[in-house]
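Enquirer: Submitted below is the structure of interest, expressed as structure tokens.
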Amino acid sequence: MASRRISSLLSRSISSSSSSSSLHLSKGKRGFNGRTIAKYSTASAVEDPITPSVKVNYNQLLINGQFVDSVSGKTFPTLDPRSGEVIANVAEGDARDVDIAVSAARKAFDEGPWPKMTAYERSKIILRFADLVEKHAEEVAALETWDNGKTYEQSLKIEVPMFVRLFRYYGGWADKIHGLTVPADGPYHVQTLHEPIGVAGQIIPWNFPLLMFAWKVGPALACGNTIVLKTAEQTPLSALLVAKLFHEAGLPEGVLNIVSGYGPTAGAALASHMEVDKLAFTGSTETGKVVLELAAKSNLKPVTLELGGKSPFIVCEDADVDKAVEMAHFALFFNQGQCCCAGSRTFVHEKVYDEFLEKARNRAANRVVGDPFLGGIEQGPQVDGEQFKKILKYIKYGIEGGATLEAGGERFGSKGYYVQPTVFSNVKDDMKIAQEEIFGPVQTILKYKDMDEVIRRANASRYGLAAGVFTQNINTANRLTRSLRVGSVWINCFDIFDAAVPFGGYKMSGHGREKGIYSLSNYLQVKAVVTPLENPAWL
């Protein structure tokens with residue numbers, strides 16, 4: 001159901017795009033193979049951003065249930081990616097603020113009511129919070145779009161409902177976490193206790209601020225832990241708003257603390273803090289290595305990592321090409337291409353390659369780009385200037401490396417961080433654009449001959465987060481499912497993120513799983529309790 005909603009929102013026909021779009025095709029220029037590369041005219045919607053109706057009411061740190069300034073008094077600007085203009089100045093936390101937040105979380109865990117209240121009472125607070133977010137859905141969605149650049153339609157109709165669903169899911173788990181009774185080889189009663197791990201440090205990324213908040217906070221609170229969460233400096237606003245709603249729902253002081261700030265200061269302080277019992281991080285593989293090292297060098301705290309990806313999307317020779325083109329387009333361009341599991345290596349069988357390429361090129365050329373607050377928009381701006389420049393750099397790498405530019409390739413408009421939907425063909429495995437994570441609206445299309453070849457090439461990556469397979473043959477699907485070294489395989493679909501479905505990677509895409517029952521083990525300790533039995537009636 002979730003996939004149908006997402007696909008319907010992001011899949012626009014060419015005719016509907018031309019009627020309500022802020023993107024228009026011009027004649028363009030010639031590519032290296034003689035094809036015309038689609039060019040785009042600047043839209044007024046991009047040049048004159050719509051003023052959101054939402055206001056920024058919370059821009060301080062949230063520590064021990066109170067909004068406070070940072071110890072240093074410093075702030076940093078969070079920018080509107082549509083224009084580069086300042087939305088608000090946000091308190092900049094550093095090691096001193098992290099220390100205060102961890103102390104609050106430690107006291108709330110050791111002395112406060114949260115881990116000591118019944119699991120049912122914790123469940124009721126989590127469920128009340130979900131109801132409050134649902135009630136404030138438009139405000140939450142508008143703030144998310146304003147700070148991040150994703151379309152308002154995506155925020156309101158996909159991400160806020162998924163956020164609410166995740167917390168209802170974990171609210172339901174809170175009173176169903178229990179240990180086991182274990183038979184022993186002797187007169188002993190043996191039981192296991194599943195105990196909360198303590199203070200959880202959590203660091204979330206900028207591409208899905210709300211959903212990553214839910215993936216981290218939901219299971220930690222359901223298990224009875226307390227939290228210090230560091231938001232991404234690019235997108236600090238929505239977490240502060242929903243955390244305020246959590247306290248309105250009855251969350252005790254000190255249970256959830258939010259520190260905004262930069263990775264080398266606030267993030268490093270949290271990762272290396274001796275009083276943090278557990279760390280969870282979502283972000284780049286390079287930063288994940290640093291986080292893991294800091295955790296190991298401090299108190300050897302356990303770490304869950306959800307890192308980068310370069311996911312293959314495999315179109316088999318029996319695929320319905322029209323459907324495969326649309327799904328591959330969605331797999332790559334969703335969320336402006338800023339998705340760790342994006343289908344960023346599109347492998348197409350040689351028998352359908354030419355047809356697929358032509359249709360994929362046309363689909364990208366007619367993607368609707370513009371102000372994310374406008375209805376009918378499919379793609380907003382990239383999150384910030386740094387990401388914008390990185391994507392344009394990789395497009396240059398693709399051109400210089402010998403790939404054929406089929407569509408896009410430049411910025412969109414003259415204001416903000418918009419990038420034209422871009423497609424490359426004749427991509428080789430050793431090219432930078434085929435090996436490294438671009439994290440933007442750049443589709444790379446590669447040709448393959450047979451199953452053995454595509455399995456070998458798909459697995460020839462340091463990443464192993466996800467994969468997509470498009471085929472009508474169940475035997476082909478089964479073989480690929482078991483051959484691909486990735487944490488998720490989507491067959492004839494993509495980006496299915498139901499609350500109960502686990503998500504995580506192989507290899508350098510991280511370790512541990514988010515969501516579902518598997519995520520609970522990240523925030524629990526297992527204790528064995530053994531008691532002698534005298535003259536037991538049975539064993």
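Enquirer: Could you go through segment 290-303 and let me know if any residue there is closer than 28 Å to Ile445 by Cα, touching a strand residue (DSSP E or B) at 6+ places or on another chain (Cβ under 8 Å) and not polar (S, T, N, Q). Even if it seems obvious, please write down each step before you answer.
Expert: Just the residues of segment 290-303 that are closer than 28 Å to Ile445 by Cα, to begin with: none.
So far as segment 290-303 goes, no, none of its residues is closer than 28 Å to Ile445 by Cα, touching a strand residue (DSSP E or B) at 6+ places or on another chain (Cβ under 8 Å) and not polar (S, T, N, Q).
Enquirer: Sticking with this structure for a sec: One residue is enough: does segment 297-320 have a residue meeting the conditions in contact (Cβ under 8 Å) with a residue 24 or more places away in the chain, part of a helix (DSSP H, G or I) and open to solvent by less than 30 Å² (accessible area, probe 1.4 Å)?
Expert: Narrowing segment 297-320 to residues in contact (Cβ under 8 Å) with a residue 24 or more places away in the chain: 297-299, 301-320.
Imposing the further condition that a residue be part of a helix (DSSP H, G or I) reduces the set to 297.
Imposing the further condition that a residue be open to solvent by less than 30 Å² (accessible area, probe 1.4 Å) reduces the set to none.
No, there is no match, as no residue in segment 297-320 is in contact (Cβ under 8 Å) with a residue 24 or more places away in the chain, part of a helix (DSSP H, G or I) and open to solvent by less than 30 Å² (accessible area, probe 1.4 Å).
Enquirer: Something else now. Just checking, does segment 417-425 include any residue being crowded, with 19+ Cβ neighbours inside 10 Å, of a type outside the set (Lys, Arg), closer than 23 Å to Val325 by Cα and over 26 Å from the mean Cα position of the chain (by Cα)?
Expert: yes
Enquirer: Considering only residues of segment 192-213 that are among the polar types (S, T, N, Q) and closer than 25 Å to Thr118 by Cβ, which is least open to solvent (accessible area, probe 1.4 Å)?
Expert: Taking segment 192-213 first, the residues among the polar types (S, T, N, Q) are 192, 202, 207.
Filter once more, keeping what is closer than 25 Å to Thr118 by Cβ: 192, 202.
Values: Thr192: 27, Gln202: 0 Å².
By that ranking, first place goes to Gln202.
Enquirer: Next question, about the same structure. Any chance you could count how many residues in segment 117-147 are closer than 15 Å to Gly250 by Cα and either open to solvent by 10 Å² or more (accessible area, probe 1.4 Å) or in contact (Cβ under 8 Å) with a residue 60 or more places away in the chain (or both)? I'd like the intermediate steps shown before the answer.
Expert: Narrowing segment 117-147 to residues closer than 15 Å to Gly250 by Cα: 117-133.
This time we only want the ones that are either open to solvent by 10 Å² or more (accessible area, probe 1.4 Å) or in contact (Cβ under 8 Å) with a residue 60 or more places away in the chain (or both), so: 117-129, 131-133.
Residues in segment 117-147 being closer than 15 Å to Gly250 by Cα and either open to solvent by 10 Å² or more (accessible area, probe 1.4 Å) or in contact (Cβ under 8 Å) with a residue 60 or more places away in the chain (or both): 16 in total.
Enquirer: Continuing with this model, one more query. Have a look at Thr181, Thr226 and point out the one that is among the β-branched types (Val, Ile, Thr) and open to solvent by less than 40 Å² (accessible area, probe 1.4 Å).
Expert: Working: Thr181 fails: open to solvent by less than 40 Å² (accessible area, probe 1.4 Å).
One residue alone meets the criteria, Thr226.
Enquirer: Let me ask something else about it. Is it the case that segment 356-364 has a residue that's of a type in the set (Gly, Ala, Ser), more than 30 Å from Asp147 (Cβ to Cβ) and touching a residue at least 12 places away in the same chain (Cβ under 8 Å)?
Expert: Narrowing segment 356-364 to residues of a type in the set (Gly, Ala, Ser): 360, 364.
If we keep only those that are more than 30 Å from Asp147 (Cβ to Cβ) as well, we get 360.
Still in the running and touching a residue at least 12 places away in the same chain (Cβ under 8 Å): 360.
The answer is yes, given that some residue of segment 356-364 is of a type in the set (Gly, Ala, Ser), more than 30 Å from Asp147 (Cβ to Cβ) and touching a residue at least 12 places away in the same chain (Cβ under 8 Å).
Enquirer: Cβ-Cβ distance below 7 Å, separation of 6 or more or different chains: which pairs start in segment 61-77 with a residue that is assigned to a loop (DSSP other than H, G, I, E, B) and end on one that is loosely packed, with under 15 Cβ neighbours inside 10 Å and modelled with pLDDT of 95 or more?
Expert: Val71/Arg96
Enquirer: Taking segment 77-92 as the region of interest, how many residues are open to solvent by less than 30 Å² (accessible area, probe 1.4 Å) and of a type in the set (D, E, K, R)?
Expert: Count: 2.
Enquirer: Quick check on this structure: which one of Ser461, Ser509, Ser483, Ser488 is out of contact with any helix residue (DSSP H, G or I) (no Cβ under 8 Å at 6 or more places or on another chain) and under 26 Å from Ile433 (Cβ atoms)?
Expert: The match here is Ser488.
Enquirer: A follow-up question, please. Which condition does Gln234 not pass, out of (1) open to solvent by less than 10 Å² (accessible area, probe 1.4 Å); (2) under 28 Å from Gly149 (Cβ atoms), if it passes all the others?
Expert: (1)
Enquirer: Which strands (runs of 3 or more DSSP E) sit wholly inside segment 434-539 and have at least 2 residues that are among the small types (Gly, Ala, Ser) and either open to solvent by less than 40 Å² (accessible area, probe 1.4 Å) or touching a residue at least 60 places away in the same chain (Cβ under 8 Å) (or both)?
Expert: The qualifying strands (runs of 3 or more DSSP E) are 466-470.
Enquirer: Shifting gears a bit: How many of the residues making up segment 368-387 are buried (at least 21 other Cβ atoms within 10 Å of the Cβ) and either aliphatic (A, V, I, L, M) or not in a loop (DSSP other than H, G, I, E, B) (or both)?
Expert: Going through segment 368-387 one residue at a time, the tally reaches 6.
Enquirer: Quick one: in segment 114-129, which of the residues that are assigned to a loop (DSSP other than H, G, I, E, B) and out of contact with any helix residue (DSSP H, G or I) (no Cβ under 8 Å at 6 or more places or on another chain) is nearest to Met162 (Cα to Cα)? Steps first, answer last, please.
Expert: Here is the first cut: in segment 114-129, the residues assigned to a loop (DSSP other than H, G, I, E, B) are 114-118.
Retained after the next criterion (residues that are out of contact with any helix residue (DSSP H, G or I) (no Cβ under 8 Å at 6 or more places or on another chain)): 116-117.
Details: Lys116: 29, Met117: 27 Å.
Filtering first and then ranking leaves Met117.
Enquirer: Further question: If a residue has to be part of a loop (DSSP other than H, G, I, E, B), more than 19 Å from Ala239 (Cα to Cα) and open to solvent by 70 Å² or more (accessible area, probe 1.4 Å) to count, how many in segment 261-296 make the cut? Working first, answer last.
Expert: Filtering segment 261-296 for residues part of a loop (DSSP other than H, G, I, E, B) gives 262, 272-277, 283-284.
Filter once more, so that each one left must be more than 19 Å from Ala239 (Cα to Cα): 272-277, 284.
If we keep only those that are open to solvent by 70 Å² or more (accessible area, probe 1.4 Å) as well, we get 274-275.
Of the residues in that region, 2 qualify.
Enquirer: Taking the condition within 30 Å of Gly337 (Cα to Cα), open to solvent by 10 Å² or more (accessible area, probe 1.4 Å) and among the aliphatic types (A, V, I, L, M), does Leu156 pass? I'd like the intermediate steps shown before the answer.
Expert: Working: within 30 Å of Gly337 (Cα to Cα): yes; open to solvent by 10 Å² or more (accessible area, probe 1.4 Å): yes; among the aliphatic types (A, V, I, L, M): yes.
Against the criterion (within 30 Å of Gly337 (Cα to Cα), open to solvent by 10 Å² or more (accessible area, probe 1.4 Å) and among the aliphatic types (A, V, I, L, M)), Leu156 qualifies.
The values are calculated or read from the model by the stated rules, or taken from the named source; none is laboratory data. None of the values given here were measured: they were computed from a predicted structure. Cβ coordinates were reconstructed from backbone atoms using ideal geometry, including for glycine residues, and neighbour counts include every protein chain displayed. These area figures cover heavy atoms from the full protein model, side chains too; ligands, DNA and RNA do not enter into them. Shrake-Rupley method; radii C 1.70, N 1.55, O 1.52, S 1.80 Å.
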